[in-house]
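The values are calculated or read from the model by the stated rules, or taken from the named source; none is laboratory data. Model, not experiment: these values are computed from the prediction. Backbone-built Cβ (ideal geometry, glycine too); neighbour counts: all protein chains shown.
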Amino acid sequence: MTDYAKYSFWLETCGEDLTPRPALEESAEVDVAILGAGYSGLWTAYYLLRANPNLRVAVLDREIVGFGASGRNGGWCSSRFPVTPSTLETRYGKEAARRLLLAMFGAVDEIGRVCEEEGIAADYHKGGILSVARGAHQWPVIQGSHAAYDRLGLAQHYRLLSKQEANERVAVSKVCGGLYTPQGARVHPGKLVRGLARAVERHGGVIYEKTAVTAIRTGPRAGLLTDTGLLRAKHAVVLAGEAYLTRLREYRRYLLPMYSLISLTEPLAEAQWATIGWRDCDSLASCRLTVDYLTRTADGRILFGSRGAPYVFGSKISDEQDRHESTHSLVHRLVVDWFPSLRGIGFTHNWGGPVGVPRDWMPTVSFDSEMKLAMISGYTGQGVGTSNLSGRILADLLCAKSSELTGLPLAQRQSPNWEVEPLRWLAVRYMQQAFLQIDLALEAGQPKPWHSRMAEALGKH
């Protein structure tokens, strides 16, 4: 039997033995068949069943609940959206961008509400998000973000911080200022996703684990085909496999599986925490292009996550990519760079996994009633909060309910496909290397590389 606890600290400590639920053993019929037992599929199932308890809903997963990003992420229940406020404003207009970001604020609170109502002990703590400028070169990014929120009429939710004010929240080295919002929370991802699965089952849903979907059928005979039978869908098939959806040939270019890697320290002593502060457990990040995100866990550790693992030709996904020695070694050094007082700190866990990146960085929530096909995907690493909002949108679409949520920009849209190989591999590997070169040059006080404009244009979101 697969040792699922080895895939992340969160699965190891979720409080369950991770024994798989029974697989689908023969053909069956339901109203809604969902591929993927992560946040997207489970939130969709949860809200469908709350709206219509008589609905027959089944969720299939190739592995177990929370095997993918839902059980491996950085513990951010964030109001951040995958597309920046400025880009949302440019694409969809000021009012639509504002409504979407307000809906993201609501998603953070909604997750906390469901945890309380359903008795999900997910270590939910609403401490907010602190973005810091580690060096003068990052300060314009902070100022630009604050200006964008101001244009959208959301400035009251964000506060520019001086160096002293930022360090009073968390004592990070090299900081010259920051931006704080209370619209964010910390969670234990494994406890959240496993608890959500139990809530779905309590409300009448069925979850089949260790059931690989080999083909998608749409139209009058819609369903999910497996080696043991067809799960027919009377009303809709929902594809909620996120990055893993690209393992199906027809969806190979639908998303880009980009690996995010995480390291976790040993628990800190009280004296160590005293040098750092971080009393309110803010979700913490800087403005690096290569991404960094930090969490103070409920048991007193520091989680540090980053991109960096190189994209593999053909969008390959494999267990071997979950750990990348040079990236994890860099993360270990960065922890000490952020917090010099922790020199010599030990690390107990390293893990990683793929996130789904759409070609235009914009999530998709759609339902084609004629084809009986629904899509929910594309969070680019911001999936804990966004998946809750997306699940509520999709539940409304499947129920033919017109609501404020179904009028948001991510509803009833599709992203363009990624380029064919080898163009995809060449472009993505170039962007990964270029972003790292830009970060290193700016941190060393040097000009950006000559090709930086091209790299930043390709990665604009």
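In table form, for the structure just shown:
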| read-out | value |
| --- | --- |
| Number of positions in the stretch 418-433 that are of a type in the set (Phe, Trp, Tyr) and more than 25 Å from the chain's Cα centre (by Cα) | 0 |
| Failed item, numbered, when residue 299 is tested on (1) more than 18 Å from the chain's Cα centre (by Cα); (2) more than 19 Å from residue 76 (Cβ to Cβ); (3) not aliphatic (A, V, I, L, M) | (2) |
| Conditions (1) within 20 Å of the chain's Cα centre (by Cα); (2) loosely packed, with under 13 Cβ neighbours inside 10 Å; number of the one not met by residue 453 | (1) |
| Out of 42, 55, sole residue that is at pLDDT 95 or above, in contact with a strand residue (DSSP E or B) (Cβ under 8 Å, 6 or more places away or on another chain) and surrounded by fewer than 24 Cβ atoms within 10 Å (Cβ to Cβ) | 55 |
| Checking residue 49 against (1) touching a Leu at 6+ places or on another chain (Cβ under 8 Å); (2) within 11 Å of residue 241 (Cα to Cα), the condition it does not meet | (2) |
| From 333, 288, 279, residue being part of a helix (DSSP H, G or I) and among the basic types (Lys, Arg) | 333 |
| Some residue of the stretch 394-417 being within 22 Å of the chain's Cα centre (by Cα), assigned by TED's automatic domain parsing to the domain that holds residue 57 and among the basic types (Lys, Arg) | no |
| In the stretch 382-421, residue surrounded by the most Cβ atoms within 10 Å (Cβ to Cβ) [restricted to those that are in a helix (DSSP H, G or I) and hydrophobic (A, V, I, L, M, F, W, C)] | 394 |
| Test: residue in the stretch 430-448 that is among the acidic types (Asp, Glu), modelled with pLDDT under 95, out of contact with any Pro (no Cβ under 9 Å at 6 or more places or on another chain) and farther than 18 Å from residue 361 by Cβ | yes |
| Search result, residues across the stretch 1-39 that are surrounded by fewer than 21 Cβ atoms within 10 Å (Cβ to Cβ), in contact (Cβ under 8 Å) with a residue 60 or more places away in the chain and out of contact with any strand residue (DSSP E or B) (no Cβ under 9 Å at 6 or more places or on another chain) | 2, 13, 15, 16, 20 |
| Hey, residue 336 free of Cβ contacts under 8 Å to residues at least 60 places away in the same chain, over 21 Å from residue 69 (Cα atoms) and among the β-branched types (Val, Ile, Thr) or not | yes |
| Hey, residue 33 aliphatic (A, V, I, L, M), out of contact with any Gly (no Cβ under 9 Å at 6 or more places or on another chain), outside any helix (DSSP H, G or I) and over 20 Å from residue 379 (Cα atoms) or not | no |
| Which numbered condition residue 193 fails, given (1) out of contact with any strand residue (DSSP E or B) (no Cβ under 8 Å at 6 or more places or on another chain); (2) assigned to a strand (DSSP E or B); (3) β-branched (Val, Ile, Thr) | (2) |
| All positions within the stretch 246-264 that are among the aromatic types (Phe, Trp, Tyr) and crowded, with 21+ Cβ neighbours inside 10 Å | 254, 259 |
| Only one of 240, 233, 166 that is without any contact (Cβ under 8 Å) to a residue 60 or more places away in the chain and buried (at least 22 other Cβ atoms within 10 Å of the Cβ) | 166 |
| Options 95, 63, 89: the member that is closer than 28 Å to residue 237 by Cβ and among the acidic types (Asp, Glu) | 63 |
| Matching option when the condition is part of a loop (DSSP other than H, G, I, E, B), under 24 Å from residue 356 (Cβ atoms) and either in the same structural domain as residue 299 (by TED's automatic domain parsing) or out of contact with any Phe, Trp or Tyr (no Cβ under 8 Å at 6 or more places or on another chain) (or both), among 103, 122 | 122 |
| Top-ranked residue in the stretch 63-94 [being among the aliphatic types (A, V, I, L, M) and assigned to a helix (DSSP H, G or I); ranked as surrounded by the fewest Cβ atoms within 10 Å (Cβ to Cβ)] | 88 |
| Flag for residue 282 being acidic (Asp, Glu), closer than 28 Å to residue 4 by Cα and not assigned by TED's automatic domain parsing to the domain that holds residue 57 | no |
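Results for (1) of a type outside the set (A, V, I, L, M, F, W, C); (2) assigned by TED's automatic domain parsing to the domain that holds residue 144; (3) in contact with a Phe, Trp or Tyr (Cβ under 6 Å, 6 or more places away or on another chain), shown as yes or no for each residue.
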position	(1), (2), (3)
291	no, yes, no
302	no, yes, no
313	no, yes, yes
336	no, yes, no
346	yes, yes, no
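Residue-wise test of (1) in contact with a Ser or Thr (Cβ under 7 Å, 6 or more places away or on another chain); (2) in a strand (DSSP E or B).
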residue: 201; (1), (2): no, no
residue: 214; (1), (2): yes, yes
residue: 220; (1), (2): no, no
residue: 245; (1), (2): yes, no
residue: 259; (1), (2): no, yes
residue: 262; (1), (2): no, yes
residue: 268; (1), (2): no, no
residue: 271; (1), (2): no, no
